[in-house]
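Enquirer: Questions regarding the structure given below will be posed in turn.
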Amino acid sequence: MIHIEDLALSILTKNMVIPEFKSKDSDLNEFLMLEAKDYQEQMLAITYLLQNSKTSEVVAYFSLLNDTIKFEEEDKKTRNRINRKIPYEKQRNHYPAVKIGRLAVSENYAHQGIGEQILQYVKVLFAFGNRSGCRFLTVDAYSDAVSFYEEKGDFKFFTETDVNDDTRLLYFDLKPFKDALDIVEQS
Ligand SMILES: CC(C)(COP(=O)(O)OP(=O)(O)OC[C@H]1O[C@@H](n2cnc3c(N)ncnc32)[C@H](O)[C@@H]1OP(=O)(O)O)[C@@H](O)C(=O)NCCC(=O)NCCS
């Protein structure tokens, strides 16, 4: 199994020459090659690359951006589920989040646990030492990838209103995750 600590992680820069990247999703390949730098320049998303340190091959990339989760009238069930974990006086109709805007693993490295390790990395990144409040991770998952986020990341559906859409909104609560790691560290 490949460990992502053994790969070179970097944030995309303006002058970086991006080696060819081929995941099984052509839109995501195109985003990295043609659009990611513009999003970064406009401060709309930060793209992280994981590369094979010997060959520079791009193993995977992901893009992150700030987000908010906001409950509509029809999302009462989720609102109640989430609010049960938040002290009454801190309960809101919206909460700060970070969105995994894009995530793709090269076909050459697929099914080796890299996607799952990236989800874990992003959770840790935002559960500890944050510079601004961020309670949730979110993702608009392609229907094909929904089970990846459920099974490998323990993400939950936010709403039933998108059940017939091309993408579904899923979320992950960082606070219980952080609490569990804090307990492990203290013991
Ligand atoms: C989805 C993706 C990121 C997974 O990356 P990965 O490194 O192969 O994932 P992992 O090895 O950690 O986990 C794979 C497991 O997740 C589960 N899974 C569920 N849906 C899946 C899917 N669409 N693709 C891959 N795995 C999926 C399976 O249990 C799979 O187990 P298997 O390897 O025994 O088949 C990768 O397949 C990819 O880049 N897909 C194209 C882009 C994409 O759909 N990105 C998500 C955008 S919302």
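Enquirer: Calculated from DSSP H runs of 4 or more alone, at -39500 (n - 2.57) each and per residue, what is the 222 nm mean residue ellipticity of the chain, nearest 500?
Expert: About -8000 deg cm²/dmol.
Enquirer: Still on this structure: Taking the solvent-accessible surface of protein heavy atoms with a 1.4 Å probe, what is the per residue accessible area of segment 4-186 in Å²?
Expert: That works out to 60 Å² per residue.
Enquirer: Suppose we take every Cα in segment 78-168 and form the convex hull; what volume per residue is that in Å³?
Expert: Here the figure is 117 Å³ per residue.
Enquirer: Now, a different point. About the Cα centre of the chain, how large is the charge dipole given +1 on each Lys and Arg Cβ and -1 on each Asp and Glu Cβ? Please answer in debye to the nearest 20.
Expert: Using Cβ point charges on Lys, Arg, Asp and Glu, the chain gives about 800 debye.
Enquirer: Let me ask something else. Roughly how compact is the chain, stated as its Cα Rg over 2.2 N^0.38 Å to two decimals?
Expert: Here the Cα radius of gyration is 1.07 times the empirical estimate.
Enquirer: Projecting each Cα onto the charge dipole of segment 4-186 (Lys/Arg +1, Asp/Glu -1 at the beta carbon, about the Cα centre), which of TYR88, SER63, SER143 comes out farthest on the positive side?
Expert: TYR88
Enquirer: Also: Can you give me the angle between helix 174-186 and the longest principal axis of the chain, using Cα atoms only, in degrees from 0 to 90, rounded to the nearest 10?
Expert: 80
Enquirer: Considering the chain as a Gaussian network with a 10 Å cut-off on Cα pairs, which listed residue, LEU12, LEU34, LEU169, attains the greatest mean-square fluctuation?
Expert: LEU34
Enquirer: Are any of the pairs LYS76/LYS178; LYS37/LYS178; LYS22/LYS123; LYS37/LYS99 more than 23 Å apart by Cα-Cα distance, and if so, which?
Expert: Too far apart for the 23 Å limit: LYS76/LYS178; LYS37/LYS178; LYS22/LYS123.
Enquirer: Computing the accessible area with a 1.4 Å probe over protein heavy atoms, can you report the carbon and sulfur percentage for the chain?
Expert: 50
Enquirer: Segment 17-64: percent of C-alpha pairs farther apart than 15 Å?
Expert: 41
Enquirer: For helix 114-127, what angle does its Cα long axis make with the longest principal axis of the chain, in degrees from 0 to 90 and rounded to 10?
Expert: Approximately 50 degrees, to the nearest ten.
Enquirer: I would also like to ask the following. Can you tell me the order of 104-113, 157-166 when each peptide is scored by its average per-residue count of other Cβ atoms within 10 angstrom, highest first?
Expert: 104-113, 157-166
Enquirer: While we're looking at this one, here's another question. Only Cα pairs under 8 Å and at least 6 apart count here; give the relative contact order of segment 4-186 as a rounded whole percent.
Expert: Over segment 4-186, the number comes to 19 percent.
Enquirer: DSSP beta bridges in segment 50-187, what fraction antiparallel, as a percent rounded to 5?
Expert: 90
The values are calculated or read from the model by the stated rules, or taken from the named source; none is laboratory data. Remember, predicted model here, so these are calculated numbers, not experimental data. FYI the Cβ positions are ideal-geometry reconstructions off the backbone, even for glycines, and counts take in every protein chain you see. For accessibility, only protein heavy atoms count, side chains too; no ligands or nucleic acids. Shrake-Rupley method; radii C 1.70, N 1.55, O 1.52, S 1.80 Å.
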